[in-house]
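See below for the structure under consideration.
The values are calculated or read from the model by the stated rules, or taken from the named source; none is laboratory data. Here the structure is a predicted model, which is why all the values come from computation and not from measurement. Here the Cβ positions follow ideal geometry from the backbone for every residue, glycine too, while neighbour counts run over all protein chains shown. When the accessible area is computed, the model is the full protein with side chains, heavy atoms only, and any ligands, DNA or RNA have been set aside. Shrake-Rupley method; radii C 1.70, N 1.55, O 1.52, S 1.80 Å.
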Amino acid sequence: TAEHIPRTSVQYLCTVQVTQERHSMLGIRNPSLSIVLAVTILGCSCIFLSDSFTIPVHCRNKRINGGSNSGSIGLLSFQSDSNSGDIAKSKSTHQRMKRVCVRIESDLDECLRGFSTPQHLVDKIEQVKKIQNQYGNANLYKREWVDAKGSKKNPEKISTAGADITSTTKAVQSFTVLQFNTLAEGLSSGPTVCAPFERQEQEQENEIFNSKNDESKNDEKRKCIFGGFNITNPEISLDFKLRRWRIIEVLLGGGSSDSFDLIAMEEVDRFYGFFEPVLKILGYNGLFLPKPCSPGIKFGWYSDGCALFWKKDTFELIHEIREEFEVGTQVYIIATLRHKMTGRLVMVAVTHLKAQNHSAQERIRTCQANQLIKCVHEAANRDSSEFSMRSTDIPIVLMGDFNSDPNGEDKSCVRNILSSEHIDLSSAYDLENNDIFTTWKTRGDTTFRRTIDYIFHNSNESKGFRCTHVLSIPEGDKMEATKLPGLQYPSDHISIGAQFEIEKIV
């Protein structure tokens, strides 16, 4: 049921589709049941749902719930029609109707039943490694902390996982961050894996497919099978039932009991059912925002998006912003956190910019990056006013998959970030170092070795905030022949990490 929908203030009109297997549980006789949801421009709920279930809907930075039994529906699809007549006619980009299709897994994944301690997770990781070791070396690539560019301090002890750091004085504390594009399940599954939703209508697929040239058709075919990756044993390396545990191993810093204080993730399409409950066991809280139209949707999979996790013992959430970009269908999250040991505010952002290595896409990425920087700047000004401090005193860490190389004639995205007039940002990694890469993969006959993932920060010695160390990048000659992904790494992107020192301001 839906009531009280003020048509003049509707931003999104969504149809919720409940999958067939859930009909009997809900007592639904009509498989075509749809529930109309509306979200106002102000982000306020203007609907009333029956009390038999709760449906989370993300609209910009708002989350709207209806009903009482949270998580009782595990497979949901939220869709909107871009041709919705006279609803929300407006010249504003944010107020125009957008086509939206968001699918999320809200039920706890069956594989987590009975899991309640970190040791349960570590044991499961070891079980998965034993299975994969039957096909080759399944040990993760060795990673070490190395001095960051221009680092002046060298703590006596740094754990390989990044959590145990001995500071030089009691007034100086440390925290670590990890940036990781995890490779969505919907963009890497094999042909025999059953997707939770039906694929797009075949007629529509054929129309799109037939409009492309032969090369584009071959690319589409390859993407439908194991993400198009040319790797050995893809049915083992890319089996998400196994691969998700190797992703958790990466987040744990190699399977040890130590972990990172902040984790930024992209291409997350199992947030509510898997990653959030697993990381909650490990002591994290998190935020998630799915893309309004994820590429995995057309293959029948859940929506992927960006996620940000923080250790509850290290940080507490003060403010959050979850937005779509004005250009494109990508999203970003900005969180203001308080570092508990020092009391300092730390602003953290995560994003995944427009893909494809072409000049037109680079222009879109540049627009998106400019919007993100502006939003972070405005948020810093808001927080500085609220807490009576200078905005330049707020440490800022910006992480994500920017899909853009640091150098090149037409590469303006990263240059714009590093030369922004709003925030003085630097890269944690030396972008002039040709040994650095964050993705190295082969799709079809084409091999890509690029640096497109970044950790940017406004580190400043005089402000009591500095980047001291980064995670080393694996050496190419010590990697699998087919590079990424593989038995020794669960994604086509290598995670990158940084350690920061932060001083308490008296």
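Six or more apart or on different chains, Cβ atoms under 6 Å: show the pairs whose first residue is in segment 477-490 and crowded, with 18+ Cβ neighbours inside 10 Å and whose second is of a type in the set (Asp, Glu).
Filtered contacts from segment 477-490: Leu484/Asp492; Pro485/Asp492; Gly486/Glu480; Gln488/Glu480.
Output the residues belonging to segment 372-417 that are modelled with pLDDT under 95 and on the phi > 0 side of the Ramachandran plot.
Gly408
May I ask you to list the residues in segment 401-428 that are hydroxyl-bearing (Ser, Thr, Tyr) and open to solvent by 20 Å² or more (accessible area, probe 1.4 Å)?
Ser412, Ser419, Ser420, Ser426, Ser427
If you take the residues in segment 282-300 that are farther than 17 Å from Arg270 by Cβ and either of a type in the set (Gly, Ala, Ser) or assigned to a strand (DSSP E or B) (or both), which one is least open to solvent (accessible area, probe 1.4 Å)?
Once the filter is applied, the top-ranked residue is Gly283.
Just one of Asp430, Asp435, Asp492, Asp477 is on the phi < 0 side of the Ramachandran plot, within 19 Å of the chain's Cα centre (by Cα) and acidic (Asp, Glu); which is it?
Working: Asp430 fails: within 19 Å of the chain's Cα centre (by Cα); Asp435 fails: within 19 Å of the chain's Cα centre (by Cα); Asp477 fails: within 19 Å of the chain's Cα centre (by Cα).
So the residue among Asp430, Asp435, Asp492, Asp477 that is on the phi < 0 side of the Ramachandran plot, within 19 Å of the chain's Cα centre (by Cα) and acidic (Asp, Glu) is Asp492.
Which pairs turn up if I take residues in segment 315-328 that are over 23 Å from Ala360 (Cβ atoms) and look for partners that are modelled with pLDDT of 95 or more and acidic (Asp, Glu) with beta carbon separation below 8 Å, at least 6 apart in sequence or on another chain?
Phe315/Asp261; Ile318/Asp383; His319/Asp383
Restricting the search to segment 428-444, which residues are polar (S, T, N, Q) and either assigned to a loop (DSSP other than H, G, I, E, B) or touching a Phe, Trp or Tyr at 6+ places or on another chain (Cβ under 6 Å) (or both)?
If we filter segment 428-444 for residues that are polar (S, T, N, Q), which is where we start, we get 433-434, 438-439, 442.
Those that are polar (S, T, N, Q) and either assigned to a loop (DSSP other than H, G, I, E, B) or touching a Phe, Trp or Tyr at 6+ places or on another chain (Cβ under 6 Å) (or both): Asn433, Asn434, Thr438.
Please list, ordered by first then second residue, the pairs with beta carbon atoms under 6 Å, 6 or more apart or interchain, first in segment 437-458 and closer than 15 Å to Ile231 by Cβ and open to solvent by 10 Å² or more (accessible area, probe 1.4 Å), second of a type in the set (S, T, N, Q) and assigned to a strand (DSSP E or B).
Close Cβ pairs satisfying both conditions: none exist.
Among the residues of segment 256-269, count how many are in a loop (DSSP other than H, G, I, E, B) and in contact with a strand residue (DSSP E or B) (Cβ under 6 Å, 6 or more places away or on another chain).
2
Among the strands (runs of 3 or more DSSP E) confined wholly to segment 301-370, which include 3 or more residues that are in contact with a Leu (Cβ under 6 Å, 6 or more places away or on another chain) and acidic (Asp, Glu)? Reasoning before the result, please.
Details: elements: 305-311, 315-324, 331-339, 345-352.
Hits in segment 301-370: none.
Can you name the residue in segment 366-397 that is touching a helix residue (DSSP H, G or I) at 6+ places or on another chain (Cβ under 7 Å) and among the hydrophobic types (A, V, I, L, M, F, W, C) and, of all such residues, is surrounded by the most Cβ atoms within 10 Å (Cβ to Cβ)?
So, considering only residues that are touching a helix residue (DSSP H, G or I) at 6+ places or on another chain (Cβ under 7 Å) and among the hydrophobic types (A, V, I, L, M, F, W, C), the one surrounded by the most Cβ atoms within 10 Å (Cβ to Cβ) is Ala369.
Starting from residues that are among the β-branched types (Val, Ile, Thr) and part of a strand (DSSP E or B), keep the ones in segment 159-186 and report whichever is modelled with the lowest pLDDT.
Ile165
Whether any residue in segment 203-213 is open to solvent by 30 Å² or more (accessible area, probe 1.4 Å) and modelled with pLDDT of 90 or more is what I want to check.
Scanning segment 203-213, I find no residue that is open to solvent by 30 Å² or more (accessible area, probe 1.4 Å) and modelled with pLDDT of 90 or more, so the answer is no.
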